Amino acid sequence: MPRTDRIAEPWGSRTPYGPGETWPTRVDQYLADGLTEDDVDRWVQSASILHSNGDGLDIAVTDGRIVGVRGRAVDRVNHGRLGPKDLFGWQANNSPDRLTRPLVRRDGELVETDWDTAMDAVAGRCRELLQEQGPSAISFYTTGQLFLEEYYTLGLIAHGGIGTNHVDGNTRLCTATAAAALKETFGCDGQPGSYTDVDSADVIALYGHNMAETQTVLWTRVLDRLAGPNPPQVVCVDPRETPVARAATVHLAPRPGTNVVLMNALLHEIIGNGWIDRDYVEAHSVGFDELERQVRAYTPEVAEEVCDVPAGQVREAARVIGSAQRLLSTALQGFYQSHQATAAAVQINNIHVLRGMLGRPGCGILQMNGQPTAQNTRECGADGDLPAFRNWSNDAHVQDLARVWNVDPMQIPHYSPPTHVMQQLRYMEEGSIRFLYVTATNPAVSLPELARIRSILAQDRLFLVVQDIFLSETAQLADVVLPAATWGEKTGTFTNVDRTVHLSEKAVDPPGEARPDLDILVDLARRLDLRDRDGAPLVKWSDPESAFEAWKECSRGRPCDYTGLSYDKLRGGSGVQWPCDDEHPDGTERIYVDGQFWARPDQCESYGRDMVTGAPVEETEYRALNPTGRAVLKAAEYVPPHELPGQDFPFQLITGRTLYHFHTRTKTGRAPQLQDAAPEVWVEMSASDAADRGFVEGDLLDVSTPRGRVQAGLRISGIRPGVLFLPFHYGYWDTGSGSEPGTGEGRAANELTLTDWDPVSKQPIFKTAAAQVQRVAPADGPAPAPTTTGSAPVTGQVPPTTGGDDALAHELVGGQP
């Protein structure tokens, strides 16, 4: 049975296939400590939780502990394959530094206590503030890693019970622009594409999406198409030379902050050369004339001047996209966390509408998610939106939700848009928000301009509750810390970016007194004595399956209809794509077939926003523009970034991810194979910029912006000149080594990023800060950056990244290992 070092070869071995063929099965398996299948007591069904792909897997359990994983051959998402974070990340569950008892702050220190004391403190402070100031004093900030049932319960408590408008998730940092862009074009959230579009596409365009590192198994699917007959052409937009860029037919590396200019130039060429489906545009869209007028001035020569991309490359990329017979497009943080995020992402949608490339095999859009359950925050109302894609601005939608919850419609706040996290922080800074409940996320590392974030979270007047599995940098600042169960220790469902719903079953008990997030939230609702309009408990469930059944009713008749799903239906086989209802009992692979959108004024989730100012479009204006619910071709003009390089700060700093870590490393930093592959922060610079300054591989550099500084080893990579890259995963201390808080200060990339956000999606901008560098010390070896990824070195002698015997995983083509 073959074994592969899956740190050295993250995507595993190739199984080539051609267009229209079924992706071959390859089952990946990893068991720790030399165990074999005979040593496994049982296998428990689940899916991946450390990236957004949603790979189906089974959890191996021996003696009540998780000991490994294997891919599910029957699953439509991965056909048995697993990525490195899937194979090794589960080890965090068994970490000895898991939180096992509640903590409360006494005399400035966090001390252990019992659950009643901790929950009474949380509920008591919440009640006090509700009486003193009302719901506007209370806020919630959640994650992209909980289960659907937990998000729905949280949304009900916050919106329907407490009545606060201050609800958001850290999905604001990764996927808010995906949702916003889909709403702008199609009137509603929900991905038009399916992962199976990779199987048929003849062109795959990736916009700011390093799929090779963020969705490794999906990139494996692309690699297998590239290795087979009649491979697709690939267009890559990325300022770094990522694995995607190295595989691309055309690689465009624009100056950060200029994506709108590049997209408008591509549209200029596509429209000017007649590469559009005029019948489709006339039948199924509005706004073409304005779009055509807007892009007329954005010639490839203008893009060359503003984006610093050769005009010939722009024309070639437009030709490849414009001549595609089956076009699949994806986007992620390179667009979402950049200047004019929504405006740029909407232009991707525009290309597909213009070319009529929707609703058929190989013709899809995947406005990707950054986190594994981010789709559920959007569906369930845990990111501020109303559940089941209801429209905050539509009174009938609010009344319908009030009917489902059996509350007064006025109890559900809809007097203004939901408060995104960056605005919540301003309210905390000003003192109007006095209670923040953080679930399974680490804003003290992940939010921009960390000096400001720390000062806000550490305020005496702010009561901070953190519900998590480790004592993160954020938990260190909390007034109450609640120990939670995590994936593998509880049951629930979650949905990936192509609308595939998976069931994750409980495999083992959580450590100590840790509780499932659902149990904690139900306990909070009980202690707050939240009631419906008949006096019955507002939250009417206490177990995951009952919560799922309640969610199904909330989703009935809505675009994300789950009514045809059940736990039993999800057991034993593959995940299922919503909408799944009486009309589509086996799920729905593609939406927007034959130009049927959820965009009618009485149906849409949003009436849209102005691309430059973010001002909401009024209902009357939307009804006049789009009375029959067509796709909206929305034009966008370019506006320069707020912070540009200059003499004192000559570089542009972008932040991002590496293949081997997730978010702030609270889990992956505790998986030895992953931690060893990327143990410490580094900074990337182009070879020409390094040569100009006399820098060499491994030099210790001081990277600074007007907000802070970070020290990092230099990796001379294929990044475009004038740009620096820092991975954002590294916090104040090394989770891998177990060192004490504070020992790693000066390594968090968000010390440097700015407080700024996209006007439409409110997603923070992490990719346009002006920066400078100075050498602190000469190299004593290469930078601690992987060689297998976008951080691959282009100069110097750097040993390859490997995992050794501890990273050997089984691969079996065609079936179970």
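The values are calculated or read from the model by the stated rules, or taken from the named source; none is laboratory data. Treat the numbers as computed from the prediction; the structure is a model and nothing was measured. Neighbour counts are summed over all protein chains in view; Cβ atoms, including those assigned to glycine, are modelled from backbone coordinates with ideal geometry.
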(message) Any residue in region 114-133 that is part of a helix (DSSP H, G or I) sitting within a Cβ distance under 8 Å of a residue that is among the basic types (Lys, Arg)? List the pairs, counting only those 6 or more apart or interchain.
(response) Trp115/Arg515; Met119/Arg527; Asp120/Arg527; Val122/Arg527; Ala123/Arg527; Leu129/Arg434
(request) Find all pairs meeting these conditions: Cβ atoms under 6 angstrom apart; at least six residues apart or on different chains; first residue within region 535-555 and in the same structural domain as Gly161 (by TED's automatic domain parsing); second residue of a type in the set (Lys, Arg) and surrounded by fewer than 16 Cβ atoms within 10 Å (Cβ to Cβ). (result) Leu538/Arg531
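The rows are residues; the columns are (1) under 21 Å from Thr500 (Cβ atoms); (2) assigned to a helix (DSSP H, G or I); (3) touching an Asp or Glu at 6+ places or on another chain (Cβ under 7 Å).
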| residue | (1), (2), (3) |
| --- | --- |
| Cys188 | yes, no, yes |
| Gly193 | yes, no, yes |
| Leu206 | yes, no, no |
| Val217 | yes, yes, yes |
| Arg221 | yes, yes, no |
(message) Can you confirm whether Gln45 is touching a helix residue (DSSP H, G or I) at 6+ places or on another chain (Cβ under 9 Å) and surrounded by fewer than 21 Cβ atoms within 10 Å (Cβ to Cβ)?
(response) yes
(request) Would you check if there is a residue in region 303-313 being in contact (Cβ under 8 Å) with a residue 40 or more places away in the chain and assigned to a loop (DSSP other than H, G, I, E, B)? (result) yes
(message) Every residue in region 92-136 that is among the small types (Gly, Ala, Ser) and either out of contact with any Ser or Thr (no Cβ under 7 Å at 6 or more places or on another chain) or outside the structural domain of Gly431 (by TED's automatic domain parsing) (or both), please.
(response) Ala92, Ser95, Gly108, Ala118, Ala121, Ala123, Gly124, Gly134
(message) So, in region 27-41, exactly how many residues are β-branched (Val, Ile, Thr), surrounded by fewer than 19 Cβ atoms within 10 Å (Cβ to Cβ) and under 22 Å from Ser13 (Cα atoms)?
(response) 1
(message) Of all residues being more than 24 Å from the chain's Cα centre (by Cα) and surrounded by fewer than 23 Cβ atoms within 10 Å (Cβ to Cβ) in region 555-569, which is farthest from Arg499 (Cα to Cα)? Just the residue, please.
(response) Asp568
(message) Quick check on my filter: what residues within region 530-548 are more than 29 Å from the chain's Cα centre (by Cα) and of a type in the set (Asp, Glu)?
(response) Asp532, Asp534
(message) Return the pair list, or none, for Cβ contacts closer than 8 Å from residues in region 343-363 that are under 25 Å from Gly614 (Cβ atoms) to residues that are acidic (Asp, Glu), at least 6 apart or on different chains.
(response) Val346/Glu184; Asn349/Glu184; Leu354/Asp277
(message) For the list (1) part of a loop (DSSP other than H, G, I, E, B); (2) out of contact with any helix residue (DSSP H, G or I) (no Cβ under 6 Å at 6 or more places or on another chain), I need the number of the one condition that Leu87 fails.
(response) (1)
(request) Mind listing whichever residues of region 552-570 are closer than 19 Å to Ser46 by Cβ and not in a loop (DSSP other than H, G, I, E, B)? (result) Tyr567, Asp568, Lys569, Leu570
(request) With respect to Tyr152, determine if the residue is touching a Phe, Trp or Tyr at 6+ places or on another chain (Cβ under 9 Å), touching a residue at least 12 places away in the same chain (Cβ under 8 Å), part of a helix (DSSP H, G or I) and not assigned by TED's automatic domain parsing to the domain that holds Pro361. (result) yes
